[in-house]
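So the structure is just underneath, and the comments pick up after that.
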Amino acid sequence: MKKKLMGLLLVLAIGFGQQARADEGMWPLFLISQLQDSMQARGLKLTAEDIYSINKACIKDAVVRLMNKQNRMFCTGEIISQEGLFLTNHHCGYGAIQELSTNEDNILSNGFWAKSHAEERPANFNIGLLSKIEDVTSMIIDSLPTGDDESARSKAAAAMVKSVAAKLKEALGDDKDMYVIEVVPFWSGNRYMAMYYQVFTDIRLVGTPPENIGKFGGETDNWEWPRHTCDISIFRIYAGANNKPAKFDKENKPYAPKYFFPINIQGPQEKSYAMILGYPGRTQRSTFSEGIKFYSETERPMRVKVRRDILDIYESYMHKDPKIKLMYADKYAGLSNYWKKFMGEASALKKLNIYDRRKAEENKFAAWVKNTNNAKYADVINNYNEAYASVAKVGMFGVYLQDGISNSQPMNFAMAAAALEPLMMDKTKKDEVKKAAAEMAADLDKDFKEFYDPIEQKVLASVLMHLVEDLDNASLPKSLTDLAAKHNKDYNAMADAMWKKSVFVSQEKMAKFLKSPSLKKLQKDPIYAVANGYLTEVTKKMQPQMMKLNGQLGKANRLYQAGVLEMSPNALNNPDANGTMRMTYGRVLPYSGKDATFFKEFTTSRGVIEKYTPGDVEFDAPARLIDMMKKKDFGQYADKDGELHICFLTDNDITGGNSGSPVINGNGELIGTAFDGNWEAIASDFAFEPEFQRTICVDIRYSLFILDKFGGASHLLKEMKIIR
Ligand code: ARG
């Protein structure tokens, strides 16, 4: 009886597992051939080869990886015409749009539609197109030392990753400069893949709605449903001779893509198939239980505090003056976006019992290790426990560098100047000093375009306060603690005094310093002393502990993942997001987030009218738009129900980096653009919630309505393939 029941339970467990899992998973493209049956069962009419093929043009060729000028990935886009036109989110194009705006021609606030190719404006980012995936696991792993010294192993792995990437790039011959190759670990380093991106650098802004449409609802609606935002902007890829990447040149031609998305404006139905391809940045779905505790109780709450204080300072000036608003728009949006996310995560991790859920998985793992007498994994749980004992002490210093110091402009400038110091100490390197200083000086106009003294002074005071009040003072640089003592912890007075003596607080002073850099001046600069002191002294003091911790965690993660894969060898296991292209499939679905609530799976123009609040910083909208909505003047973009649908929900599994991703129906046609997640599942980077985790998408019909009927850019429709 017992045995029989066990068997039944096992079958059920597998069945449920697959059911619940059908929609979890940011699947690497190299696994999707194994998912074809379940995708088709959900409603996909295509084959896995149509999505990702190494032999023919396919859907993945129309998926764009947005990367900054240093080729760091930040968002996703989708190509929608034979002439390299692509859609992404408004909040992804935001930085570029802000940079193209001036007080006289404020396209961030007014919107913009190029009437011809000639009017399209150069944008400040690159894009990558994934051309090839290569398994390089053995090239990396086979060469690693096998001893117990984990930090030696991870150093060697990092070096191998670099050298393999360089070798593969060299092999590309003449075309190599057009490619970026990233060698990326999957399953915590149990597998390594090389991703080849063809990188285009001539990208131009084609159109954007005004901010009060593209960011309608502002921070209040961010991470929330119901939503009424047209979070899109449109760009074009330009290519040089032979359709290949080339530097910006007026003579460049629109890029002719291998594949582009047809657009379906019939509208999705409840439960209809929905799939997203894009570039999720990072998830931490196997974070050890003690790590969950650390994030929810210590790390996230601290980041929330530090960010909130800076945001309050920004807001007090931005809300008063449109010039300051434009100046700080992008920084504000970025800080605020993750302020809210971290706040939600801290409480959702607790509310959703993620600690207990993780603990249960770990217990299951430990039992399996014990039952199978598997010596390889015997220490994993212990290793984790040891590592997390020191995390709280060591982990916060990096966080304050990221969320504190890096959010102060003068401190950033000072840290950049740190590169000069060793050069200046070497008398033979005068020319190098000159060159580096000139490079920094060349950026000053741009750097100080987003610099407002009263804001920066207050942010400096706030950051100093958090460093001294929140962190173990024994580990802080003496320059900082001495200064705080001297000013009796009056951080405003302290910031004021530093401001008066530093060169990093005005363009004029910095330009003068960079013209003839003096080592004495640099070393005596109080902002330099604190920022650089934090960077060097703290790292020096913390280095041994950090190395040890990273080693312990790296090893525990790698072994835990290997063990999990070994424990259920037949299950498809989706690895954490790592900035590589992924596919998630599921359905258009409503949800219930709390007792007695039910959220429909789409919103309509009625909601825009309801939320519309003239003069409000978040809920204002163009009066003309509201008029059109009241008249129900929707043309071909109306749904069968006569309404204009604004946004819709799917149960797809995405995260930051997926912003701007194509939402695709069962025929491979574009039905929307993903742009957010819902509040109830805000901790989804740590745990997937099959019941109520949703992706929020702009309905493609609203995007086209704004482009065509509101923006008057109907000429762009001619490039697109529209299925009515
Ligand atoms: N929550 C969205 C994401 O992380 C970003 C939304 C940007 N909008 C904003 N109001 N800050 O992708």
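The values are calculated or read from the model by the stated rules, or taken from the named source; none is laboratory data. Worth saying up front: this structure is predicted, and the values here are computed from it rather than measured. Neighbour counts run over all protein chains shown; Cβ positions are idealised from the backbone, glycine included. Ligands, DNA and RNA are excluded from the accessible area calculation, which covers all protein heavy atoms including side chains. Shrake-Rupley method; radii C 1.70, N 1.55, O 1.52, S 1.80 Å.
Some points to look at:
- Matching residues, the stretch 604-617, being open to solvent by 40 Å² or more (accessible area, probe 1.4 Å) and modelled with pLDDT of 95 or more: 606, 609, 610, 611, 612, 613, 614, 615, 616
- Summed over the stretch 452-472, residues that are farther than 15 Å from residue 410 by Cβ and loosely packed, with under 13 Cβ neighbours inside 10 Å total 2.
- Of all residues in the stretch 82-110 being of a type in the set (Gly, Ala, Ser) and surrounded by 22 or more Cβ atoms within 10 Å (Cβ to Cβ), the one that is farthest from the chain's Cα centre (by Cα): 84
- So residue 40, is it farther than 22 Å from residue 707 by Cβ, open to solvent by 50 Å² or more (accessible area, probe 1.4 Å) and of a type outside the set (Ser, Thr, Tyr): yes
- Scanning the stretch 60-80 for residues that are assigned to a helix (DSSP H, G or I) and surrounded by fewer than 23 Cβ atoms within 10 Å (Cβ to Cβ) gives 60, 61.
- Close contacts from the stretch 407-424, counting a first residue that is free of Cβ contacts under 8 Å to residues at least 24 places away in the same chain and more than 21 Å from residue 460 (Cβ to Cβ) and a second that is in a helix (DSSP H, G or I) and charged (D, E, K, R), with Cβ to Cβ under 8 Å and a gap of 6+ residues or different chains, come to 423/429; 423/432.
- Considered as a group, the residues in the stretch 362-400 that are among the β-branched types (Val, Ile, Thr) and touching a Gly at 6+ places or on another chain (Cβ under 9 Å) include one that is modelled with the lowest pLDDT, and that residue is 391.
- Per the conditions (1) more than 16 Å from the ligand (Cβ to nearest atom); (2) open to solvent by 10 Å² or more (accessible area, probe 1.4 Å), the sole criterion not satisfied by residue 318 is (1).
- Test result for residue 173, in contact (Cβ under 8 Å) with a residue 24 or more places away in the chain, out of contact with any Ser or Thr (no Cβ under 8 Å at 6 or more places or on another chain) and either within 25 Å of residue 248 (Cα to Cα) or surrounded by 19 or more Cβ atoms within 10 Å (Cβ to Cβ) (or both): no
- Residue that is farthest from the ligand (Cβ to nearest atom) [pool: residues in the stretch 223-256 that are under 30 Å from residue 643 (Cα atoms) and among the aliphatic types (A, V, I, L, M)]: 234
- Pairs where the first residue, in the stretch 309-338, is in a helix (DSSP H, G or I) and the second is within 16 Å of the ligand (Cβ to nearest atom) and open to solvent by 60 Å² or more (accessible area, probe 1.4 Å), C-beta under 6 Å, 6+ apart: 318/325
- Selection within the stretch 621-670 - open to solvent by less than 10 Å² (accessible area, probe 1.4 Å), among the aliphatic types (A, V, I, L, M) and more than 16 Å from the ligand (Cβ to nearest atom): 625, 626, 629, 644, 664, 670
- Scanning the stretch 570-603 for residues that are within 28 Å of residue 132 (Cβ to Cβ) and open to solvent by 40 Å² or more (accessible area, probe 1.4 Å) yields 571, 572, 576.
- Pair list, Cβ under 6 Å, 6 or more apart: the stretch 72-96 residue without any contact (Cβ under 8 Å) to a residue 12 or more places away in the chain, other residue within 11 Å of the ligand (Cβ to nearest atom) and open to solvent by 10 Å² or more (accessible area, probe 1.4 Å): none
- Of the residues making up the stretch 138-150, just one is over 28 Å from the mean Cα position of the chain (by Cα), open to solvent by less than 40 Å² (accessible area, probe 1.4 Å) and within 23 Å of residue 182 (Cβ to Cβ), namely 144.
- Being charged (D, E, K, R), at pLDDT 95 or above and open to solvent by 40 Å² or more (accessible area, probe 1.4 Å) is a description that applies to residue 359.
- Being away from the ligand (no atom under 16 Å from the Cβ) and open to solvent by less than 20 Å² (accessible area, probe 1.4 Å) is a property that residue 178 lacks.
- First in the stretch 644-658 and modelled with pLDDT of 95 or more and aromatic (Phe, Trp, Tyr), second anywhere and open to solvent by 10 Å² or more (accessible area, probe 1.4 Å) and part of a strand (DSSP E or B), Cβ under 7 Å, 6 or more apart: 648/602
- Within the stretch 126-176, the only residue that satisfies the criterion of being acidic (Asp, Glu), at pLDDT 95 or above and assigned to a helix (DSSP H, G or I) is 170.
- Residue match in the stretch 305-314 (condition: within 16 Å of the ligand (Cβ to nearest atom) and hydrophobic (A, V, I, L, M, F, W, C)): yes
- Candidate set from the stretch 185-217 (those that are in a helix (DSSP H, G or I) and within 16 Å of the ligand (Cβ to nearest atom)); member that is most open to solvent (accessible area, probe 1.4 Å): 212
Results for (1) β-branched (Val, Ile, Thr); (2) in contact with a His (Cβ under 7 Å, 6 or more places away or on another chain); (3) modelled with pLDDT of 95 or more, shown as yes or no for each residue.
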| residue | (1), (2), (3) |
| --- | --- |
| 231 | no, yes, yes |
| 234 | yes, no, yes |
| 245 | no, no, yes |
| 252 | no, no, yes |
| 257 | no, no, yes |
| 272 | no, no, yes |
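- Each residue in the stretch 218-262 was checked for being over 19 Å from residue 696 (Cβ atoms) and either open to solvent by less than 10 Å² (accessible area, probe 1.4 Å) or not hydroxyl-bearing (Ser, Thr, Tyr) (or both), and 27 pass.
- Residue check: residue 382 meets all listed conditions (1) closer than 26 Å to residue 505 by Cβ; (2) surrounded by fewer than 14 Cβ atoms within 10 Å (Cβ to Cβ) but one, namely (1).
- Failed criterion for residue 636 (all others in (1) more than 30 Å from residue 141 (Cβ to Cβ); (2) without any contact (Cβ under 8 Å) to a residue 60 or more places away in the chain hold): (2)
- Condition met for residue 259 (part of a loop (DSSP other than H, G, I, E, B) and either within 16 Å of the ligand (Cβ to nearest atom) or among the aromatic types (Phe, Trp, Tyr) (or both)): yes
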